[in-house]
């Protein structure tokens with residue numbers, strides 16, 4: 001039937017959008033439709049919308065929209081925090097109202113009425129911890145400790161002063177233009193938390209992502225078991241096979257069962273699909289940040305390394321071109337050599353493979369998985385060694 005096909009298409013489209021948004025910048029997707037979808041989701045849609053407003057309503061309306069955008073995206077505000085609380089509260093309310101009637105059921109015991117509430121409460125607690133904890137603000141009274149804790153690597157970090165705070169800028173820190181403060185081991189500013197993600201609250205942010213993925217997975221499986229229990233208790237399969245003569249096979253029964261569920265339990269089905277779709281970006285974000293944590297890298301440093309490698313690659317290309325030109329010029333003035341060897345030498349000097357292998361990401365902060373994980377769970381500034389008496393001033 002058409003309904004199962006529509007649900008499958010919806011899931012595939014949601015998966016494609018999630019992969020495109022989260023992974024569209026990866027090198028393996030360069031020049032593909034995933035990279036183009038990523039651009040459309042992150043930049044293109046906004047640009048087209050603003051051009052449309054400019055053409056249709058003029059400059060005044062465009063400026064008004066930009067002012068609202070500035071307040072919502074470029075200044076601290078609780079809008080997304082309120083939206084998060086509304087989403088999780090309303091989702092739990094609809095789940096409780098539509099599904100708790102059937103708990104306990106054939107597959108679920110009554111304990112899930114209370115474990116679900118506890119799981120949501122833990123999720124909100126992690127949200128509050130991430131939102132209102134200090135991300136690792138660098139101030140005049142602790143800058144010397146951060147300078148000692150995070151030495152400069154002389155590659156992407158060199159000694160400099162923050163032009164806004166007027167204090168030395170420790171390695172791995174960044175001045176957040178939204179919060180207007182320097183943050184140690186800065187990763188990014190999260191609008192959902194209305195807070196920076198930095199040295200002191202990365203652990204809470206990671207726990208938030210993992211817990212909410214598990215929460216969505218728990219809700220999806222629980223609602224699925226509720227629906228499976230209703231199928232069993234109402235003997236739907238027996239009725240379909242005996243009274244309607246439908247073949248007792250998964251392929252034959254599936255369309256009719258889906259149709260019956262959408263007619264009788266459409267709210268539960270929609271909630272289950274919603275939770276499954278939300279789980280996809282959550283697990284993608286958690287996987288991305290888990291990889292960063294295990295390599296002791298931040299989102300901010302990822303872009304810095306990309307700029308550094310691109311700059312070094314262009315420099316190597318320029319050097320290779322200059323060396324090839326000198327070789328050709330010297331070949332002209334010296335005795336004639338076989339032209340084939342000159343071309344081979346030229347290609348040997350300028351092959352992209354050779355150039356790529358000479359540009360190496362040397363992350364001095366990566367000290368092994370265990371040490372990197374330990375640094376996230378127990379940040380430098382929470383340790384006893386992080387004190388003025390034991391660390392030298394920067």
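Run the numbers on the chain and let me know its relative contact order in percent, using alpha-carbon pairs under 8 Å that are six or more apart. Present the calculation step by step, with values, prior to reporting the outcome.
Values: 396 pairs, mean separation 74.6, N = 394.
Here the relative contact order equals 19 percent.
Against the longest principal axis of the chain, how steep is helix 79-99, in degrees 0 to 90 to the nearest 10, with axes from Cα atoms?
30 degrees
Among 130, 158, which comes first, then next, by fewest other beta-carbon atoms within 10 Å?
158, 130
Between residue 128 and residue 313, what is 0.36 nm times their sequence separation minus the Cα-Cα distance? Round to one decimal in nm. Mind showing how you got there, number by number?
Numbers: separation 185, 0.36 × 185 = 66.60 nm, distance 4.34 nm.
Separation in residues times 0.36 nm, less the Cα-Cα distance, equals 62.3 nm.
Given R₀ = 51 Å, what would the calculated FRET efficiency be for residue 254 paired with residue 323, taking r from the Cβ atoms and rounding to 0.05? Kindly include the intermediate steps, with their values, before the conclusion.
Details: r = 65 Å, r/R0 = 1.28.
FRET efficiency, residue 254 to residue 323: 0.20.
Taking 1 over the mean of 1/r across every pair of different Cα atoms in the chain, what Kirkwood radius in Å do you get?
Details: mean 1/r = 0.0385 Å⁻¹.
Result for the chain, one decimal place: 26.0 Å.
Add -39500 (n - 2.57) for each DSSP H run of 4 or more in the chain, then divide by its residues: what number comes out at 222 nm, to the nearest 500 deg cm²/dmol?
Numbers: 15 runs with 252 residues, N = 394.
After summing the helix terms and dividing by residue count, I get -21500 deg cm²/dmol.
Please give the helix 45-57 orientation as an angle from the longest Cα principal axis of the chain, in degrees from 0 to 90, rounded to the nearest 10.
80 degrees
For the chain, give the share of DSSP beta bridges that are antiparallel, in percent and rounded to the nearest 5; count only bridges with both residues there.
Here the antiparallel bridges make up roughly 100 percent for the chain.
Can you tell me how much longer the chain between residue 233 and residue 369 gets when fully stretched, taken as 0.36 nm per residue apart minus their C-alpha distance, in nm with one decimal?
Extending this stretch completely gives an extra 44.0 nm.
Could you give the angle, 0 to 90 degrees to the nearest 10, between helix 202-233's Cα long axis and the longest principal axis of the Cα atoms of the chain?
Rounded to the nearest ten degrees, it is 30.
Separation of segment 96-171 and segment 202-270 by C-alpha centroid, Å?
Each part reduced to its Cα centre gives a spacing of 33 Å.
Ranking 144, 67 by Cβ neighbours within 10 Å, fewest first, what do you get? Mind showing how you got there, number by number?
On the way: 144 17, 67 10.
Final ranking by Cβ density, sparse to dense: 67, 144.
Bear in mind that the values in this text are calculations on the coordinates, not laboratory data. What you see is a predicted model, and the numbers here were worked out from it, not measured in a lab. Glycine also receives a Cβ, built like all others from the backbone with ideal geometry; neighbour counts cover every protein chain displayed.
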